[in-house]
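Below is one structure, written out as structure tokens; comments come after it.
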Amino acid sequence: MGEEAATRSFTGKTAIVTGASRGIGLAIAQRLAAGGARVCITARHPEPLEGALASLGPGSLALAGHADDPSHRAEVLDAVVREFGGLDILVNNAGINPAYGPLETVDLAAARKIFDVNVLATLAWTQAVLAHAGLGFRARRGTVVNLSSISGEVPAPGIGLYGISKAAVAHLTRTLAVELAPEIRVNAVAPAVVKTQFARALYEGREAEVAAAYPLQRLGTPDDVAAAVCFLASADASWVTGQVLVLDGGLLNAGGLG
């Protein structure tokens, strides 16, 4: 997990990480757990979720379900209260992108699903956590970290609708930060291309060519994102709220994605 996890303590803290059976979500959960947190992970499919749970060690929890399903959210929050007694950190990582191509021809049913999962579910998880009396989220001065994307900062070819949804997540983050202060901090990260199964269509078979556009000459890794998320969730960021931290290896400053 590296030195960051070793020095940043989450002992006594409880976290929920959505979409955490693999990739970025799992890396976040692993880093939180390595720092001493009790972690509840969620994802759609039970089998990979159980494998992910095994990597977190004792004291963690996994529940399968869809991020945009209200009954799943209620089940998760009740289980967290029952098993852990409260919640300190919510990481809204779950996201989908079933549409590729120009907006002119994007399937509107797919567009609605993208917004349901990427935007409305992010808001719904936050609302549910705040409303659940047993979690004591506001009293514990909880923190929320959302997953946006560099494609929400500037247009990205082929994934325009996904980028629009992530721009909405960024603005949702800033708005919630103002509305929920001072008890709750809300921040987001906006990664560029990260080497995950979710993003492989953006680099597979041409990784060196894609990475050459980045000043740091490499694509991101799940651990790169996890380190930033854990900073924002930690006491080290106690005076940070309403920020969308771009994680792009310098790509935007070099004129990338334009």
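Being without any contact (Cβ under 8 Å) to a residue 60 or more places away in the chain, of a type in the set (D, E, K, R) and farther than 23 Å from Ile114 by Cβ is the filter here; which residues of region 69-97 pass it? Within region 69-97, Glu75, Asp78, Arg82, Glu83 qualify.
Against the test of being more than 22 Å from Asp224 (Cβ to Cβ), aliphatic (A, V, I, L, M) and buried (at least 19 other Cβ atoms within 10 Å of the Cβ), the options Ala156, Ala192, Ala133, Ala177 yield a single qualifying residue, Ala177.
Table: residues versus (1) out of contact with any His (no Cβ under 7 Å at 6 or more places or on another chain); (2) in contact (Cβ under 8 Å) with a residue 24 or more places away in the chain; (3) on the phi > 0 side of the Ramachandran plot.
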| site | (1), (2), (3) |
| --- | --- |
| Ala67 | yes, yes, no |
| Thr105 | yes, no, no |
| Leu108 | yes, no, no |
| Val129 | yes, yes, no |
| Phe137 | yes, yes, no |
| Arg141 | yes, yes, yes |
| Ser148 | yes, yes, no |
| Val154 | yes, yes, no |
| Gly158 | yes, yes, yes |
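For region 12-22, the condition of being touching a helix residue (DSSP H, G or I) at 6+ places or on another chain (Cβ under 8 Å), in a helix (DSSP H, G or I) and either among the charged types (D, E, K, R) or without any contact (Cβ under 8 Å) to a residue 60 or more places away in the chain (or both) holds for none of the residues. Checking each residue in region 221-258 for being touching a Ser or Thr at 6+ places or on another chain (Cβ under 9 Å), farther than 16 Å from Gly142 by Cβ and polar (S, T, N, Q) picks out Thr221, Gln243.
Glu209 passes every criterion in (1) in contact with a Lys or Arg (Cβ under 7 Å, 6 or more places away or on another chain); (2) among the acidic types (Asp, Glu); (3) assigned to a helix (DSSP H, G or I) apart from (1).
Read the figures in this text as sums done on the coordinates, not as results from a lab. Source: prediction; values computed, not measured. Here the Cβ is made from the backbone with ideal geometry for all residues, glycine too, and neighbour counts use every protein chain on show.
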